[in-house]
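Chemist: One structure is given below, represented as structure tokens, and several questions about it will come after.
Please treat every number below as a calculation from the coordinates, not as lab data. If you're wondering where the values come from, they're calculated on a predicted model, not measured in any experiment. We place every Cβ from the backbone using ideal geometry, glycine too, and count neighbours over all the protein chains shown.
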Amino acid sequence: MKTLTLTCLAFLMTLTASPVSAASSASIEDFDSIQLYTLANDHGMTVKVTNYGAIITSIVVPDRDGKGADVVLGYNSVEGYINAVDKPYFGAVVGRYGNRIAKGKFTLDGETYSLAINNGENSLHGGIIGFDKVVWTVKSADNRSIKLNYLAKDMEEGYPGNLDVTVTYTVTDENQLVIDYHATTDKATPVNLTQHTYFNLQGEGEGSILDHELKLNASQFTPVDQGLIPTGETPSVTGTPFDFTTAKAIGRDIGDDHEQLTFGGGFDHNWVLDKDGKSGERTLAAEVFDPVSGRTLTVSTTEPGIQFYCGNFLDGRLKGKSGKTYGHRSGFCLETQHFPDSPNQPNFPSTILRPGETYQTQTVFAFSTK
């Protein structure tokens, strides 16, 4: 049986000039408890997780020849995650609200709330000190699974309610990473949690992902304005570069003359998943295949949407754990989620969690080869 690796992070950091401020729930003393955990099965898959930001720092899976490689972008130290240019959210759980909320405002039960602004005039991924920048409590851990908890305080980053969040990562014998999200609140509040890992199925630092072939189980998407806020429409993808209903190379249509590609700098949009089961059931969301390594990633989820982002803002300034730089479009994200700006979009599925209710979603990243 594999043994659980707990490494008190020398993986870690000096606390000098740390950007974590008094506004964060993470005090300086909290950093003494940062650790790195290794989950593994007997089939060549290992996943490393730190309780700083609930970040997935590494996923090693075999290629078609059985050779393992780390297929996620990231760093060997917490300093890397904290000091990364433009804060790419490598590997983190983002919240309390993943994606954008327009102008950092929403109205709930007659009261208007103002959130921390950190993306132009909007609020992105929970604000300045989101869930990606705090120290989570490890509730349990073994060689296959880790359960992490964080209590977001009432009005933290402007959100109402004490939100008690648990995220569990589990590695299975089928080379799956199962992610379970659970949350409760004592006041009505928006909640939209997601996982922000960047993948490159050839291996992190191995260049562009534009030849990866992507299929999305989605016949509609949510167009955005220049600030990447949804317009509220959900048009068909048919006849547009956003049609991934049949597998195609990510780079095939990315250079098309299309307003939405201009706004996003490429693909950085939410797709409306074609849900063929009951509400709350997990269904297929996406499949990605790398012809070079033979690795395949399949994503299934209980969520209604998925944000496909293809690393448009990576520009070579970031150097990853292998010592290689992360160039333009050298990683992609598949963020299962409710839709961006839902608190301001009455036609979108609700993201409001109320006292007595339970937020519970599941996403599975499954790896195989062909």
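Chemist: When the chain is fully extended, how far beyond the present Cα-Cα distance does Asn143 get from Lys67, taking 0.36 nm per residue of separation? Could you put the intermediate results ahead of the total?
Modeler: Working: separation 76, 0.36 × 76 = 27.36 nm, distance 2.17 nm.
Here the segment from Asn143 to Lys67 would lengthen by 25.2 nm.
Chemist: Here's a follow-up. Enumerate by residue number the trypsin sites (Lys or Arg not before Pro) in region 241-289 meeting two conditions: DSSP loop (anything except H, G, I, E, B), and at most 14 other Cβ atoms within 10 Å of the site's Cβ.
Modeler: Values: sites: Lys248, Arg252, Lys275, Lys278, Arg282; in loops: Arg252, Lys275, Lys278, Arg282.
Qualifying residues, ordered by number: Arg252, Lys278.
Chemist: Let me spell out the model: positive unit charges on the Cβ of Lys and Arg, negative unit charges on the Cβ of Asp and Glu, origin at the Cα centre of the chain. What dipole size does that give, in debye rounded to 20?
Modeler: With Lys and Arg at +1 and Asp and Glu at -1, about 580 debye.
Chemist: While we're here: Compute log10 of I(q)/I(0) for region 299-369 with the Debye formula, placing one identical point scatterer on every Cα and leaving out solvent, at q = 0.12, 0.20, 0.23 Å⁻¹, to two decimals.
Modeler: The computed values of log10 I(q)/I(0) come out as -0.53, -0.95, -1.04.
Chemist: Next up: What residues qualify as long-range amide H neighbours of Thr336, i.e. H under 5 Å apart, gap of 5 or more or another chain, H built at 1.01 Å from N?
Modeler: For Thr336, whose amide H was placed from the backbone, the distant partners under 5 Å are Gln195, Gln307.
Chemist: If you average the sequence gap of Cα pairs under 8 Å that are 6 or more apart and divide by the length of the chain, what percent do you get for the contact order? Could you put the intermediate results ahead of the total?
Modeler: Details: 963 pairs, mean separation 64.5, N = 370.
So the answer I get is 17 percent.
Chemist: I need the semi-axes of the equivalent ellipsoid of the chain: take the C-alpha gyration tensor, multiply each eigenvalue by 5, square-root it, list largest first in whole angstrom.
Modeler: Details: eigenvalues 148, 143, 79 Å².
Value: 27, 27, 20 Å, ordered largest first.
Chemist: Apply the Karplus curve 6.51 cos²θ - 1.76 cosθ + 1.60, θ = phi - 60°, to the phi angles in region 259-276 and return the couplings in whole Hz, x for Gly and Pro.
Modeler: Using θ = phi - 60°, the values come out as 4, 5, 5, 5, 4, x, x, x, 7, 7, 9, 9, 9, 8, 6, 7, 8, 9 Hz.
Chemist: What spacing in nm lies between the two simple spin-label points modelled at Ser279 and Asp32, each 7 Å away from Cα in the Cβ direction?
Modeler: Label-label distance for Ser279 and Asp32, simple model: 4.7 nm.
Chemist: Further, regarding this structure: Hey, what do the phi angles of region 141-156 turn into as Karplus ³J(HN,Hα) couplings, whole Hz, using 6.51/-1.76/1.60 and θ = phi - 60°, x for Gly and Pro?
Modeler: Values per residue, Gly and Pro as x: 7, 9, 6, 10, 8, 9, 10, 10, 10, 9, 9, 7, 6, 3, 6, 4 Hz.
Chemist: Sticking with this one: Would you work out the charge dipole size for region 5-195 about its Cα centre, treating the Cβ of every Lys and Arg as +1 and the Cβ of every Asp and Glu as -1, and quote it to the nearest 20 debye?
Modeler: Working: 14 positive and 22 negative charges, 53 e Å.
Using Cβ point charges on Lys, Arg, Asp and Glu, region 5-195 gives about 260 debye.
Chemist: Starting at the first residue of region 359-370, write each ³J(HN,Hα) from the Karplus equation 6.51 cos²θ - 1.76 cosθ + 1.60 with θ = phi - 60°, in whole Hz, x for Gly and Pro.
Modeler: So the Karplus estimates, Gly and Pro as x, are 7, 8, 9, 9, 10, 10, 9, 10, 10, 8, 9, 7 Hz.
Chemist: A further question follows. Using amide H atoms built 1.01 Å from N in the peptide plane, name the residues 5+ places from Ser300, or on other chains, whose amide H lies under 5 Å from its own.
Modeler: Residues meeting the criterion, in which the H sits 1.01 Å from N, are Ala285, Val364, Ala366.
Chemist: What translational D, rounded to a whole number of µm²/s, comes out for region 213-369 from Stokes-Einstein when the hydrodynamic radius is the Kirkwood one over Cα pairs, at 37 °C and 0.692 mPa s? Spell out each step's value before the answer.
Modeler: Working: Rh = 16.7 Å.
Approximately 196 µm²/s, per Stokes-Einstein.
Chemist: State log₁₀ I(q)/I(0) for region 5-195 at q = 0.08, 0.10, 0.17, 0.18 Å⁻¹ as given by the Debye formula over alpha-carbon point scatterers of equal weight, solvent excluded.
Modeler: Values, matching the q order: -0.27, -0.42, -1.11, -1.22.
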